[in-house]
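Below you'll find the structure, written out as structure tokens, and then a few comments.
The values are calculated or read from the model by the stated rules, or taken from the named source; none is laboratory data. Everything numeric in this text was worked out from a predicted model, so none of it was measured. Methodologically, a virtual Cβ is constructed for each residue, glycine included, from the backbone with ideal geometry; neighbour enumeration extends over all protein chains shown.
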Amino acid sequence: MSEALLTDLLAALDVMVIERLPDSSFTVVGNIPAWFTWLYTDAAANPQQLRLDLTSPFLENFLVDAEAFWNESRPGQLKSGSWEEKGPSGKEDNLEAAALCLGDRKILLIELLGIAHEERRRLLQIAREKALLQSQLIKETQKKEILLHCIAHDLVGLLMGVRVSLSLLGSESLSPTGKDYLTMGQRQYNQQERLVNDIVQAFSAEMESLGTFKLEADKVPNLLSCTRQVINELTAMASLHKVNLQLDPATDCHREWKVVGERLRLQRVILNLIENALRVGPPFSVVNVSLHDDGVNVILTVEDEGAGVAAELVGTLFQKFAPTKSGQYGFGLYFCRIMVERWGGTIGYAPRPNRGSRFWVKLPKFISP
Amino acid sequence: MLQKKICMLGSFAVGKTSLVARFVRSIYSEKYHTTVGVKIDKKQVPVEDKLVNLILWDLYGEDEFQKVHMSYLRGASGYLLVIDGTRRETLDKALVLQQRTEEAVGKLPFVVVMNKVDLKDSWEIDDRTIEELVNKGWQVFHGSAKTGLGVEDAFTALARQLV
Amino acid sequence: MNDPSVHRVADEVSVQSHSLNGAEIETPPASAQLRELQKLLFDTDQQERLEQLHTEWNDPEHLAPRVSQVLPDAISQRSPEDHELTEAMTPYVIESIKISARRNPEHISDAIFPILGPAIRKAIAQAFNNLTITINQTLQHSFSVRGFKWRLEAMASGKSFAEVVLYHSLVYRVEQVLLIHRPSGILLLHAVAEAVKAQDPELVSGMLTAIQDFIQDSFGTGEGNTSSFVSDELTILAEPGPRAVLACVVRGNPPPELREEMQETIERIHQDRGEKLKMFEGDSTPFEVCRPLLEEHLKSRYQPFADPEKQKAPKAMLAVLGVLLLALGIWGFFSLRDRWRWNAYLEKLQTTPGIVVTEQDRGWRRYSLSGLRDSLALDPAKLMPEFQLNPRQLDARWKEYQAPELAEERAKKLLAPPAGVTLKVRDGILSVAGLASQQWISEAKKLAPFIPGISQFQWNDADEIARLRQEIESQSVYYFLNENKPLPGQEETIEALIKRLIRLDEIAQNSNRTITFRIIGHTDSSGTKEKNQTLSRERAQQAKSQLASRVAQLKKVQLVAEGVPDQQPLVGNQESNRRVTFRVELGS
């Protein structure tokens, strides 16, 4: 194929071919395409001595990389990535440059990106919109789930109370009318319970396990790996707060720390506790996370060197809508408590002897049947 | 005249392009239009009795689909680190980008724009965290490409550091 | 029946009825009577015996044992003859039962329990039967709606539909049956379903204690009826007998029949093992024989699904109907397909610009068309394959004409607009938009009315004006502090402004309207208000004269300079406010 045909072909593909001459000047091979003149009228004035420095700062910047590429006569091509250029009509065009060596000739290609680029942009647009939506959705769902949990927990809790009271009432000696009323009450209770169950089930499949938490042997969480994962997630935040977040070096990492619980929720519980600790920890302090084993339970402890919890708040720390001081402890601890208690564990707080808080979670060890 | 290259850095959809459009052309569009390549704009800013010609490199936001080439930062005099206040993860990303930039081109003047202050109610980044950034010696601006609040301030503050 | 209460009843009866005794004494024959009389008169032994008899007769204490020996026989002999005895005795018996019941109710209930149970049960069974039929009907009607609900639930929960149905259709499962000694609360027998045993033995034993406590609380005092207790998904049904309680642990909703069966069982146990229950002192082995009775209850039931027999008939019907419909459809399809295709093709032609069909005909494998056609319009034959028609079967005659709908194409061909210019024809008006040279515009303006279908030429400049305006209004020219002298290095800005200003003037001329180009001076916030007012105006004036000196004659654009020292946006950078900005206002 003759060179002329080749440049015609490239021109038809909206690719402009430029050769870098040994005297560091650029010359156009073939004709200057209309779009180039349109975009860079000044630069296109002299095709033999193409003033690429009059084009765009982007191309100028790319030429530094291109020179290095040409000097090393590297194989293949060096692509600039796309850039946008606004023509006189206000329409935006996307271009991409590539440097390559043909024998000892140094070639620069500039391509006007057409539909393919627009498609790519649209694809990325959709992907990013979706990514935004998804992260928004995840945040929303998390918020809703916690709220729903608390609501369901409270509803079920109250119902339990009603049921027990009715049963107790049933064991009293009641007048026949009293018994009638009791039956009525029990019927109402049954309906209410069914309704609550329906609602809870409709909201989420996970919720089903609210009343009866069942542990599946293959999904038993390992407290250590959960903790590690959370610590990893929070490293950036810790370094921002200049707090040293560490897993207690004395923790035995070679054994299994299987506990009763659900992995994802357990992680959220740990996340809540550590996040609180990071928030209150003064700069250059340490937040220490450790695991212990008392034979029956595994105890996770999160210690910080913050101001500790004010005495008047200790009593209500794990209650919902607990009064908080400057938002240090919120709804989160209530969630932690109801989750941990569901797994048959306990959660607690104790001030540290000198300064700071110690939050602990005690969970039953998982014993394989 | 002084020419200064300034790069816009930040996660995707934090509003880099919108900030540039607001600053250079005083326009804002509610619609999200992702940037795939590099857009270059110019704007003159007076600093004392001199005009500084800012060459604004609006780089595409980094995400799993596109990584920012550090070669785009060559010759930059400073940069704007843009964070979307409503998305906590964009702060993490900004911290990473800032570090990478420093490794690639050394210490450069920069300012942080906490964008979307018009949505302050749904911010996920609390004042305490922003205070931490300020304590690091960072210059932080609350801005909104939508209302224009703080936009001019952020750019001119950066320009002032460059003169 | 070895029951003390029965004895006592008999005692009282005997006391009340000694007066009947005399009727039972035998009368001997006459000769023997005399001999006996002799003996009686002269034999002291006899005399003594007579006296003894006499005393016995009068003394109830002696009479009672004797009468008691004959009484059962006497009653049995009397009863078949008439009811007098029964009638006479009834009030006493009732009275005595009343007294006995008042004194010790347990005995009486022990006595009647085995008889009473079956009778009541029978009556209730009848009532329940009727109720169950109604419920079953209701269930069947609601099945489809409920099925749909389950399907939704399955979707929401990510479970398979079958799982959900199984979960919901589990009516009940009796998991454990317990027999508990009522007075002591000791467990006599315990039967556990295989599935439950495998599941969790700890749970079972834990539950056991709970049930025993519950039963002890409910029945231990002697009070209490049939009772149930509902725990997590489980119901505990307890059926008390006088000496033992039968309890069932049921998952799901226990049916009323279960209660009946339980009643039956507890009654049988009382019948068979009543004695052992009474004498129970901690050894539960004698009750082992009742295990099969208990195990009978360990069963589960799932809700029946749609009755397959009921569905058979409609299914077959549907199949037949389907085949018929299909056959009809195929026949219809083949017979009508050709006509549809031709009609669709004609419809397409009618809507194709530049084609007017005046006559059409469809024969056997032959189509004919005639009408008007613009040379710029599509070839009608080329459209045929799209409708699966063979173009070779078409016989068409067209007359050439210039269709007004194709004016746009014609204009594009004749005017050859430069890139970036768009042409649109609507109602005979050619509107042109985009970026074009003045020369091309005036050329096009002249040519347009000669294009068939176009009567008017309109230059649509709105887009370009908007763009120019935006570009102009985002520009600023900055000034030295306290001076109306611009900072150096803004030539480029001025150049760009001048270029756009000239272009604006061209556009204004084309569309014959006026445009106001406002030049607005600003100041920073330092200095007095009066000073700033003057300064801002001076700056605007300076910019105006600078622009005006470069554009010799603006025909339709008017330059206006003004100062607004107070209306500038106060940004942090004071320098940014020492500037001149621009505003484009469109006149009519």
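Considering only residues that are β-branched (Val, Ile, Thr) and within 13 Å of chain C (Cβ to nearest Cβ), which ones fall in region B:114-163?
Step one: of region B:114-163, the residues β-branched (Val, Ile, Thr) are B:117, B:125, B:129-130, B:134, B:140, B:147, B:151, B:156, B:163.
The answer is B:THR147, B:VAL151, B:THR156, B:VAL163.
Would you be able to tell me the number of residues in region B:26-45 that are among the charged types (D, E, K, R) and more than 16 Å from the chain's Cα centre (by Cα)? It would help to see each step written out before you state the result.
So the first thing to find is which residues in region B:26-45 are among the charged types (D, E, K, R), and the list is B:30-31, B:39, B:41-43.
Among the residues that remain, those that are also more than 16 Å from the chain's Cα centre (by Cα) are: B:30-31.
Qualifying residue count, region B:26-45: 2.
All but one of (1) in contact with a Pro (Cβ under 8 Å, 6 or more places away or on another chain); (2) within 14 Å of chain B (Cβ to nearest Cβ) hold for C:ALA496; which doesn't?
(1)
Which one of these is surrounded by 12 or more Cβ atoms within 10 Å (Cβ to Cβ) and either modelled with pLDDT of 85 or more or among the charged types (D, E, K, R) (or both): A:PRO33, A:PRO22? Walk me through how you get there before you give the answer.
Numbers: A:PRO22 fails: surrounded by 12 or more Cβ atoms within 10 Å (Cβ to Cβ).
Criteria check complete, one pass: A:PRO33.
On the given criteria, is B:TYR79 more than 14 Å from chain A (Cβ to nearest Cβ) and touching a residue at least 60 places away in the same chain (Cβ under 8 Å)? Explain how you work it out, then say what you get.
Details: more than 14 Å from chain A (Cβ to nearest Cβ): yes; touching a residue at least 60 places away in the same chain (Cβ under 8 Å): yes.
In short, yes.
So which residues in region B:1-27 are modelled with pLDDT of 90 or more, among the aliphatic types (A, V, I, L, M), out of contact with any Ser or Thr (no Cβ under 7 Å at 6 or more places or on another chain) and in a strand (DSSP E or B)?
The one that is modelled with pLDDT of 90 or more, among the aliphatic types (A, V, I, L, M), out of contact with any Ser or Thr (no Cβ under 7 Å at 6 or more places or on another chain) and in a strand (DSSP E or B): B:MET8.
Determine whether C:ASP379 is within 21 Å of C:PRO452 (Cβ to Cβ) and surrounded by fewer than 16 Cβ atoms within 10 Å (Cβ to Cβ). Give the steps one after another, and end with the answer.
On the way: within 21 Å of C:PRO452 (Cβ to Cβ): yes; surrounded by fewer than 16 Cβ atoms within 10 Å (Cβ to Cβ): yes.
Judged against the criteria, C:ASP379 is a match.
Which strands (runs of 3 or more DSSP E) does region A:77-162 wholly contain that include 3 or more residues that are within 14 Å of chain B (Cβ to nearest Cβ) and either among the acidic types (Asp, Glu) or in contact (Cβ under 8 Å) with a residue 40 or more places away in the chain (or both)? Even if it seems obvious, please write down each step before you answer.
Numbers: elements: A:77-86, A:92-102, A:105-113.
So the answer is A:92-102, A:105-113.
For region C:452-471, enumerate the residues that are under 60 Å from the mean Cα position of the chain (by Cα) and either more than 13 Å from chain A (Cβ to nearest Cβ) or loosely packed, with under 14 Cβ neighbours inside 10 Å (or both).
Restricting attention to region C:452-471, the residues satisfying the condition of being under 60 Å from the mean Cα position of the chain (by Cα) are C:460-471.
Within region C:452-471, C:ASN460, C:ASP461, C:ALA462, C:ALA466 qualify.
Identify, by number, the condition in (1) modelled with pLDDT of 95 or more; (2) assigned to a loop (DSSP other than H, G, I, E, B) that B:LEU149 doesn't meet.
Result: B:LEU149 passes all but (1).
Among the residues of region A:344-361, write down those that are under 12 Å from A:LEU223 (Cβ atoms) and touching a helix residue (DSSP H, G or I) at 6+ places or on another chain (Cβ under 8 Å).
Going through region A:344-361, the residues under 12 Å from A:LEU223 (Cβ atoms) turn out to be A:345, A:361.
A:VAL361 - this is the single residue of region A:344-361 that is under 12 Å from A:LEU223 (Cβ atoms) and touching a helix residue (DSSP H, G or I) at 6+ places or on another chain (Cβ under 8 Å).
Across region B:28-63, what is the total count of residues that are out of contact with any Ser or Thr (no Cβ under 8 Å at 6 or more places or on another chain), of a type in the set (D, E, K, R) and over 18 Å from A:GLU129 (Cβ atoms)?
Taking region B:28-63 and keeping what is out of contact with any Ser or Thr (no Cβ under 8 Å at 6 or more places or on another chain), we get B:30-32, B:34, B:41-43, B:48-57.
Applying the additional criterion that residues be of a type in the set (D, E, K, R) yields B:30-31, B:41-43, B:48-50.
When the remaining residues are screened for being over 18 Å from A:GLU129 (Cβ atoms), the result is B:41-43, B:48-50.
Of the residues in region B:28-63, 6 are out of contact with any Ser or Thr (no Cβ under 8 Å at 6 or more places or on another chain), of a type in the set (D, E, K, R) and over 18 Å from A:GLU129 (Cβ atoms).
Mind listing whichever residues of region C:177-225 are surrounded by 13 or more Cβ atoms within 10 Å (Cβ to Cβ), modelled with pLDDT under 70 and in a loop (DSSP other than H, G, I, E, B)?
C:GLY220, C:GLY224, listed by residue number.
Restricting region B:1-20 to residues that are farther than 19 Å from A:LEU124 by Cβ and of a type in the set (A, V, I, L, M), which is nearest to the other protein chains (Cβ to nearest Cβ)?
Going through region B:1-20, the residues farther than 19 Å from A:LEU124 by Cβ turn out to be B:1-7, B:19.
Still in the list and also of a type in the set (A, V, I, L, M): B:1-2, B:6, B:19.
Working: B:MET1: 4, B:LEU2: 9, B:ILE6: 11, B:LEU19: 14 Å.
Ranking the qualifying residues of region B:1-20, first place goes to B:MET1.
Output the residues belonging to region B:46-76 that are within 13 Å of chain C (Cβ to nearest Cβ) and not in a strand (DSSP E or B).
Selection gives B:GLU48, B:ASP49.
Can you find, within region A:47-71, the residue that is farthest from the other protein chains (Cβ to nearest Cβ) among those that are surrounded by fewer than 13 Cβ atoms within 10 Å (Cβ to Cβ) and at pLDDT below 90?
Just the residues of region A:47-71 that are surrounded by fewer than 13 Cβ atoms within 10 Å (Cβ to Cβ), to begin with: A:48-49, A:53, A:64, A:68, A:71.
Among the residues that remain, those that are also at pLDDT below 90 are: A:48-49, A:53.
Details: A:GLN48: 26, A:GLN49: 23, A:ASP53: 13 Å.
Among those residues, the one meeting the criterion is A:GLN48.
Restricting the search to region C:434-454, which residues are farther than 13 Å from C:ARG410 by Cβ and either of a type in the set (Val, Ile, Thr) or in a loop (DSSP other than H, G, I, E, B) (or both)?
Selection gives C:LEU435, C:ALA436, C:SER437, C:ILE441.
Output the number of the condition that B:TYR32 fails; it satisfies all remaining conditions of (1) surrounded by 18 or more Cβ atoms within 10 Å (Cβ to Cβ); (2) at the interface with chain A (Cβ under 9 Å from one of its Cβ atoms); (3) free of Cβ contacts under 8 Å to residues at least 40 places away in the same chain.
Exception for B:TYR32: condition (1).
Please verify whether C:LEU389 is among the aliphatic types (A, V, I, L, M), in the same structural domain as C:PRO449 (by TED's automatic domain parsing) and surrounded by 14 or more Cβ atoms within 10 Å (Cβ to Cβ), treating the condition exactly as stated.
Values: among the aliphatic types (A, V, I, L, M): yes; in the same structural domain as C:PRO449 (by TED's automatic domain parsing): no; surrounded by 14 or more Cβ atoms within 10 Å (Cβ to Cβ): yes.
Considered against the rule, which asks whether it is among the aliphatic types (A, V, I, L, M), in the same structural domain as C:PRO449 (by TED's automatic domain parsing) and surrounded by 14 or more Cβ atoms within 10 Å (Cβ to Cβ), C:LEU389 comes out as no.
Checking C:THR358 against (1) among the polar types (S, T, N, Q); (2) more than 17 Å from C:ASP379 (Cβ to Cβ); (3) part of a helix (DSSP H, G or I): exactly one of these is not met. Which one?
Single failed check for C:THR358: (3).
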